[in-house]
Each structure stands twice: as structure tokens, then as C-alpha cells.
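Here the structure is laid out as C-alpha cells; the discussion comes afterwards.
The values are calculated or read from the model by the stated rules, or taken from the named source; none is laboratory data. Note that the structure is predicted; figures quoted are calculated from it, not measured. Heads up, the Cβs are rebuilt from the backbone with ideal geometry, glycines too, and the neighbour counts pull from every protein chain shown.
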Amino acid sequence: MDMNSFKQEVILYSKEIGIDKIGFTSATAFTELKGRLIRQQELDYQSGFEEADIEKRVRPELIFDKPQSIISIALAYPSKLKDAPQSTKSERRGIFCRASWGTDYHTVLRNKLQLLENFIKDKVPGAMMKSMVDTGELSDRAVAERAGIGWSAKNSMIITPEFGSYVYLGDMITNLPFEPDQPMEDQCGTCNKCVDVCPTGALVQGGQLNSKRCIAFLTQTKGFLPDEFRTKIGNRLYGCDTCQTVCPKNKGMDFHFHEEMEPDPELAKPLLKPLLTISNRDFKETYGHVSGSWRGKKPIQRNAILALAHFKDETALPLLIQVMKNDPRPVIRGTAAWAVGKIGQEQAVSALEEARMKEKDEEVLAEIEKGLQFTLETK
């Protein structure tokens, strides 16, 4: 079989099914990545969400029998929200990051990869493939970089010349010897904006991310958010786009190619107060199809409470006080106590003192004390 001709067939078919960019690379080990991953592990910069076995992340032959090549795909997603609802003083809103707008990208990309797999198998019945999106063993960014999709930027994302960094990535390991494409040269140059403006200093330096300080990671955790980050997340409910929105390479990049990626403005920028009491069923029905729901409602609710404190939303005090007193989850009760103190007012003091008398959980009691301290500082 003429693999060069077949590669062109695959590329043409990928366009037909709505894949915005496709690249090919060899299945040899990612030796340079291995050193970086080991260093990240030594520094404790990993999030814990990634594959723990570094060898599997850098050696395709450990997860696929006799791999010959890897295909990388990219789909462009929107960066601008049409008809975005506005926050008001009495109706404050949070924000989901752009990568969580529309249908969960894992679903969208897996569907595209499945179509691509079917096409290849129809043409080459003996072809074997393994596809993955985000949660696979390989680093999708390392694959995309080597396959010429874009370059690995200082914000630790892949930037494409055509779509900026607003792309979802997926990979497919194959046993077919596709000719590899050429990687791109780094085009960040001397620009350091993403590193300079990172709200928590998670971008240690260009290309090096301390995931444990990244707001995108922090918004997904389920416990108490460390104090130093609580005033940093603003009204972010899930994820963070700062290092993308400041990037000059993203200026003017906004693509609406895929209907399933189009956001519902009311879900992308939801009202905060209703989130505090949303039921599990309503949360699943409303947000279950977006990627930002994968950790459940608890992190979103905790972040919504912090957002109300960020806005110092006095209209939310009665609801926050009820949450502080009645919610069965210590993290939510305690975060609400912290927020009540941050917002202040006379009713905050009496509510916090009353809660302190009844509360049994030590961590929640500590948050109540913090809240009371805030009220003293504002007097």
C-alpha cells in the first residue's frame, strides 16, 4: 500500500468529518518529555489527575502492541460568548472557562476519533488503533507538538498558527507506518505575558507549570481551598483562561465551527446564588453534559461561595448563613462561614457566633473563627 497516498486520504477525510487540524508523528519514545516529567515529579508540580507511570506516558509500546505512528487531531473551540448575560449587584454570576463551554470535549473528540478509526479500518482491515482524549496515558500536548499541530508555548499549552491555543487535542496510536510531519519552531519569542500575569504564580517560568497552584486545578479540588488562593479565583467556577486571554497569538481568535461546542450563555455564566442549593438531580440535568461537571457539584458550589465573597454580595448573606448552618458537608459550611465574615455586616457577627456554639467539626470551627476575625478587621 502507498502510505503517502493513504495519508492524504486520511487528511481529506478528517476535514470532511470536521477535524480542524491533523498531524502525524512516529511512535518512538518521548525522551525529552521524560526528563521534564521526572523533574515535575521531584518538584511536586503534578496535579495528580495525570497517568502516574511516567514510562507509560513516554513509551507508546508499553500501552500498544508494536506501534508505528501516532495521529494527533485538533478541534477549534469558541473564545467569545455571544449574548453573554451581565452580572448585577443583586444577581452576581460566575464563569466556566472556555474549554468547558458546550458539550464535553471528551465526547466530541472521541466521536471524531471513532469516525477516523472506522475510516482507516475500512481501508486497511488489519489496522489496529488506540485513541485517547486527555485522560489517556500519553501527553496529548507532547504528541501534538511532535506532530506539527503547534508549538509548546510558555503557558504550557499548544498554540496553533490558525486557531491560537483555543483547541482541543486528541491522539490515536496506530500500527501503520505513516510518514511523520515536521514539528514547528517555537514562536513565543521574548513574550512573557502569560507568566507575568498568572494570578497565582503557577507558571513558574515559560513552559513550566506548578499544577498545584494553577487555578484550573484548584477549582476542581473538593476540599477547603487554601487561604492564599481564595481571593485569587475571583468568580471562576471551573478552570481559568487568563494565560490564554493575554496571549498575543490568541488575539482575534474565535471560531464557531462546531455546533456542539456552542455555549449556553446561562450555563457558561450562571447565577451564583441558585448554585448553592441546587439538587444533585438538577445539577446533573443542567450541567451534566459539560466537562466542568466531572467532579460533581461540590467544587462548583464551594467556588460559587468564594465568588459571592469576592463580590461582597450582601444580598447573598441570608442564603450563605443558611448554608453555614444547615449544609451537611463541612467544606461547604466552612467556606460559607468564611464568606459570611468576608462580606460582613452586623448580622454576620451574630450568625457566626451562633454557628460557633452549635458546630462540632474542628475545620469548620476554624473557618468560623476566620470569619469572625474578618468582621473585627472591618469595624
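Picking from residues in the range 164-185 that are in contact with a Gly (Cβ under 9 Å, 6 or more places away or on another chain) and charged (D, E, K, R), the one that is farthest from residue 98 (Cα to Cα) is 181.
Restricted to the range 18-31, and to residues there that are surrounded by 15 or more Cβ atoms within 10 Å (Cβ to Cβ) and among the hydrophobic types (A, V, I, L, M, F, W, C), the residue that is nearest to residue 68 (Cα to Cα) is 27.
Residue 111 falls short on exactly one of the conditions (1) polar (S, T, N, Q); (2) more than 30 Å from residue 319 (Cβ to Cβ); (3) exposed (fewer than 14 other Cβ atoms within 10 Å of the Cβ), and that condition is (3). Scanning the range 74-95 for residues that are touching a Ser or Thr at 6+ places or on another chain (Cβ under 7 Å) and at pLDDT 95 or above turns up 74, 93. A count restricted to the range 332-372 and to residues that are in a helix (DSSP H, G or I), among the polar types (S, T, N, Q) and within 24 Å of residue 235 (Cβ to Cβ) stands at 2. The single residue among 144, 127 that is buried (at least 22 other Cβ atoms within 10 Å of the Cβ) and either over 24 Å from residue 236 (Cα atoms) or at pLDDT below 95 (or both) turns out to be 144.
One residue stands out in the range 1-49 among those that are β-branched (Val, Ile, Thr) and outside any loop (DSSP other than H, G, I, E, B): the one that is nearest to residue 73 (Cα to Cα), namely 22.
Could you grab me the full set of residues in the range 312-331 that are assigned to a helix (DSSP H, G or I) and not polar (S, T, N, Q)?
314, 316, 317, 318, 319, 320, 321, 323, 324, 325, 330, 331
On inspection, residue 292 does not qualify as surrounded by fewer than 21 Cβ atoms within 10 Å (Cβ to Cβ) and either touching a His at 6+ places or on another chain (Cβ under 9 Å) or among the small types (Gly, Ala, Ser) (or both).
State the number of residues belonging to the range 186-201 that are over 18 Å from residue 145 (Cβ atoms) and outside any loop (DSSP other than H, G, I, E, B). The qualifying residues number 4. If only residues of the range 157-193 that are of a type in the set (S, T, N, Q) and buried (at least 20 other Cβ atoms within 10 Å of the Cβ) are counted, the one that is farthest from the chain's Cα centre (by Cα) is 174.
One line per residue, one yes/no per condition, for (1) of a type in the set (Lys, Arg); (2) closer than 29 Å to residue 119 by Cβ; (3) over 28 Å from the mean Cα position of the chain (by Cα):
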{"residue": "7", "(1), (2), (3)": "yes, yes, yes"}
{"residue": "10", "(1), (2), (3)": "no, yes, yes"}
{"residue": "45", "(1), (2), (3)": "no, no, no"}
{"residue": "58", "(1), (2), (3)": "no, yes, no"}
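Counting only residues that are surrounded by 19 or more Cβ atoms within 10 Å (Cβ to Cβ) and among the hydroxyl-bearing types (Ser, Thr, Tyr), which one in the range 323-379 is modelled with the lowest pLDDT? Ranking the candidates gives 375 first. Scan the range 40-54 and tell me whether some residue there is in contact with a Ser or Thr (Cβ under 9 Å, 6 or more places away or on another chain), farther than 26 Å from residue 107 by Cβ and of a type outside the set (S, T, N, Q). Yes: the range 40-54 contains one or more residues that are in contact with a Ser or Thr (Cβ under 9 Å, 6 or more places away or on another chain), farther than 26 Å from residue 107 by Cβ and of a type outside the set (S, T, N, Q). Quick one: is residue 25 among the β-branched types (Val, Ile, Thr) and either free of Cβ contacts under 8 Å to residues at least 40 places away in the same chain or in contact with a Gly (Cβ under 6 Å, 6 or more places away or on another chain) (or both)? No.
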